[in-house]
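First up is the structure itself, then whatever we jot down about it.
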Amino acid sequence: MSDVAGNIEGRVDIVLRLSDGIVTDVDIRSSRPIQTPRIFVGKSVGQLLQTLPLLYSICGTAQAQAAVTACEQALGLPADAQRLSAREKLVWLETAKEHLWRVLLDWPGFIGLPTSAAAVAQMLLLIKRYRYLCYPNERPFVPGVMPEVEDGSAIDRIIDEVEQLLRDQVFGMPPAKWLELQGCDALFHWAETSSLPPARMLYYLLEKEWESLGSAQVRPLPPLDQEFLHQNMEPADADRFIAQPQLGDGCRETSPFTRVRHGPLVSAVEARYGPGLLARFCARLVELAEIPGRLGATPTGEAVPDAVAPGELGIAQVEAARGRLVHRLRLADGKIARYQILAPTEWNFHPSGVLAEGLVGLRAASAETLRQQAVLWINAIDPCVGYDLRIERH
């Protein structure tokens with residue numbers, strides 16, 4: 001990441017305060033500049049859509065999808081399920097890449113195994129091929145543009161290659177077959193017998209008896225209607241909500257875990273060990289295994305939500321790799337009069353949110369072990385920016 005991108009995206013500072021070897025207080029402060037979208041005020045929709053993905057290097061596809069969907073609403077363009085589905089599949093491919101980054105680059109590093117950068121590079125090439133086949137003009141995020149798939153069999157071959165990549169590098173079996181694992185015992189057998197890094201990571205948690213580490217109360221972010229977002233993002237002091245969003249009774253979580261939590265495998269792990277490290281690492285693998293099926297699914301024909309005020313205001317919600325991403329804009333005389341972004345990190349890394357709750361109460365025999373536990377929990381929640389971790393003793 002360049003220095004410019006880093007300055008735009010900011011960082012999260014996390015301080016753990018110990019008393020008698022136990023984390024009793026967590027201080028989370030974000031330097032994410034939520035005012036950055038204001039640079040688009042006065043610009044055209046075309047200028048926005050060309051520039052925005054360049055500013056946000058993490059989940060740039062999801063950012064572009066949210067931006068163009070919000071623009072289409074504000075422009076009063078009719079919703080189209082096929083158009084939305086094609087773009088959503090690009091977001092799911094990006095999510096696969098982000099998950100692979102965690103399980104093939106981060107996880108091996110935690111347990112002293114070689115990383116698999118080549119596999120992540122292969123995924124990037126597959127994404128490029130898939131995108132070009134759907135959008136030969138290489139402009140998928142332009143208002144009203146439809147996919148132009150001339151060779152469906154070529155798309156199927158890419159999906160097969162994605163599935164093969166996951167089979168070879170992550171699961172050691174077809175992803176759909178891995179999803180059929182019945183409960184904790186079957187998952188543990190896979191973790192014990194597979195030599196692949198994701199399995200070794202889960203086995204490491206079992207050996208350390210860290211399965212429940214970080215368990216925090218689960219308060220998933222529910223579906224948000226457009227009116228709720230309008231009411232909280234329209235006022236002059238909306239930056240306070242965007243910086244530290246809450247929903248009625250408190251902080252919420254939006255993550256891969258909350259998306260797949262009620263599936264059979266994650267449910268079984270959570271029932272036995274709670275919503276700690278094992279459940280959350282398992283959830284990332286479950287969502288990754290589901291992506292080939294999502295890529296092959298046909299559009300459902302479900303309607304896209306209308307704007308609160310068609311022809312003036314646009315609000316888009318996109319499930320990005322780390323959780324729900326919201327973009328909101330208002331047009332005036334064909335130019336952007338206001339632009340706002342609410343990222344999942346603001347929910348998950350709220351000073352009183354799921355990250356903080358999971359860190360409070362951690363204890364370990366050494367500062368090194370405590371840091372390792374904290375880093376694993378931060379990785380499980382997964383900020384969309386870099387972070388700094390400091391441990392202080394009272």
- Query: What spacing in nm lies between the two simple spin-label points modelled at GLN231 and GLU138, each 7 Å away from Cα in the Cβ direction?
  - Reply: 4.6 nm
- Can you figure out the FRET efficiency of LEU125 with LYS208, using R₀ = 41 Å and their beta-carbon distance, to the nearest 0.05? 0.70
- Message: On a 1.4 Å probe surface of the protein chains, which of ARG83, ARG363 comes out largest in accessible area, and what is the full order?
- Response: ARG363, ARG83
- Using a 1.4 angstrom probe, figure out how much accessible area the chain has per residue, in square angstrom, rounded to the nearest whole. 43 Å²
- Close Lys-Lys pairs in the chain, where close means Cα under 26 Å and separation is 8 or more or interchain: 6
- Contact order normalised by residue count of region 181-269, Cα under 8 Å, 6+ apart, percent: 36 percent
- Query: Which of the DSSP-defined H helices in the chain satisfy a minimum axial length of 27 Å, computed from C-alpha atoms, and a minimum mean Kyte-Doolittle hydropathy of 0.0?
  - Reply: 277-296
- Taking the Cβ-Cβ separation of GLN182 and ASP333 as r and a Förster radius of 56 Å, what is the calculated FRET efficiency to the nearest 0.05? 0.40
- Item | By accessible area with a 1.4 Å probe, ligands and nucleic acids excluded, highest first: order of HIS394, HIS99 | HIS394, HIS99
- Item | Solvent exposure ordering (accessible area, 1.4 Å, most first) of MET233, MET146 | MET146, MET233
- Label point distance in nm, ALA117-ASP249, each placed 7 Å from Cα along Cα→Cβ: 4.8 nm
- Quantify, in whole percent, the carbon and sulfur part of the accessible surface of the chain (1.4 Å probe; protein heavy atoms only). 49 percent
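The values are calculated or read from the model by the stated rules, or taken from the named source; none is laboratory data. None of these values were measured; they are calculated from a predicted model. In this analysis, Cβ positions are derived from the backbone assuming ideal geometry, glycine residues included, and neighbour counts consider all displayed protein chains. To get the accessible areas, we keep the full protein, side chains included, count just its heavy atoms, and leave off ligands, DNA and RNA. Shrake-Rupley method; radii C 1.70, N 1.55, O 1.52, S 1.80 Å.
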